[in-house]
C-alpha cells in the first residue's frame, strides 16, 4: 500500500450545510475526514457514499441525535500516515508520539503549519461562514507512506 496514492478530503464545521460545491470536491478522494460540528447524521450518511469517513463530535454535536455518540477524538492510520483528529485545538494531547498529522476544526479559520515535522491542519469551515472567515476545506495526498501535498480549497460564500 505504501506505493499507492491516497487522496483525502478534510472538512469541518458543516453545521448542517453540506454544500454541493464541497460534495463535488470529494469526487477524487477515497477518504473523508470530518473534524466535527456536523449536526445532521444524514450528512455523514451522504459523505460515506464518496469514501471511507472518519468523523469526530464537535461542541455543537453533543445535543444532536445520530452524531452525539461520535468519539471526541480519533487516532488512526491511512496509508502509513498516523493521524490524530479532534474538534477543538485545546483538546489535542501534549504527547503526540508517533503522530504525523493533527486535524482539528472549531475556529472556522483555515490554518496549516508544520511543527517539529508534524502537520497541523484546520480545514476551516465549509458549512456556514462565521466570524468573518472564508468557506474552505483541504485535501491531503499521501504517496509512499508520507504526506506529499496539502491543498487549501476556497469556495464562494453561497449555499451552493
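The values are calculated or read from the model by the stated rules, or taken from the named source; none is laboratory data. This structure is a prediction, so every number in the text was calculated from the model and none was measured. When we count neighbours, we look across all protein chains shown, and the Cβ atoms used for this are built from the backbone with ideal geometry, even at glycine.
Before we move on, is residue 114 modelled with pLDDT under 95 and touching a strand residue (DSSP E or B) at 6+ places or on another chain (Cβ under 9 Å)?
When the stated conditions are applied, residue 114 does not pass them.
Would you please name the residue that is farthest from residue 120 (Cα to Cα), looking only at residues in region 1-14 that are surrounded by fewer than 24 Cβ atoms within 10 Å (Cβ to Cβ) and modelled with pLDDT of 95 or more?
Within region 1-14, the match that is farthest from residue 120 (Cα to Cα) is 5.
Can you tell me how many residues in region 74-86 are surrounded by 18 or more Cβ atoms within 10 Å (Cβ to Cβ) and without any contact (Cβ under 8 Å) to a residue 24 or more places away in the chain? I'd like the intermediate steps shown before the answer.
Let us first name the residues in region 74-86 that are surrounded by 18 or more Cβ atoms within 10 Å (Cβ to Cβ), namely 78-79, 81, 83-86.
In the following step, the residues that additionally are without any contact (Cβ under 8 Å) to a residue 24 or more places away in the chain were identified as 84.
So the count comes out to 1.
Every residue in region 46-58 that is assigned to a loop (DSSP other than H, G, I, E, B) and farther than 16 Å from residue 103 by Cα, please.
51
Only one of 89, 50, 104 is closer than 21 Å to residue 152 by Cα, surrounded by 12 or more Cβ atoms within 10 Å (Cβ to Cβ), in contact (Cβ under 8 Å) with a residue 24 or more places away in the chain and touching a helix residue (DSSP H, G or I) at 6+ places or on another chain (Cβ under 6 Å). Can you tell me which?
104
Name, by its number, the condition in (1) buried (at least 17 other Cβ atoms within 10 Å of the Cβ); (2) at pLDDT 95 or above; (3) over 17 Å from residue 8 (Cα atoms) that does not hold for residue 139.
Checking residue 139 against (1) buried (at least 17 other Cβ atoms within 10 Å of the Cβ); (2) at pLDDT 95 or above; (3) over 17 Å from residue 8 (Cα atoms), the one that fails is (3).
Test residue 146 against the stated conditions and say whether it is in contact with a helix residue (DSSP H, G or I) (Cβ under 8 Å, 6 or more places away or on another chain) and either modelled with pLDDT of 95 or more or crowded, with 18+ Cβ neighbours inside 10 Å (or both).
So residue 146 fails the test.
Of the residues 43, 61, 37, which single one is out of contact with any helix residue (DSSP H, G or I) (no Cβ under 9 Å at 6 or more places or on another chain), in a helix (DSSP H, G or I) and either crowded, with 19+ Cβ neighbours inside 10 Å or at positive phi (or both)?
Sole residue among the options that is out of contact with any helix residue (DSSP H, G or I) (no Cβ under 9 Å at 6 or more places or on another chain), in a helix (DSSP H, G or I) and either crowded, with 19+ Cβ neighbours inside 10 Å or at positive phi (or both): 43.
Just to be sure, is residue 30 buried (at least 17 other Cβ atoms within 10 Å of the Cβ) and over 12 Å from the mean Cα position of the chain (by Cα)?
In short, no.
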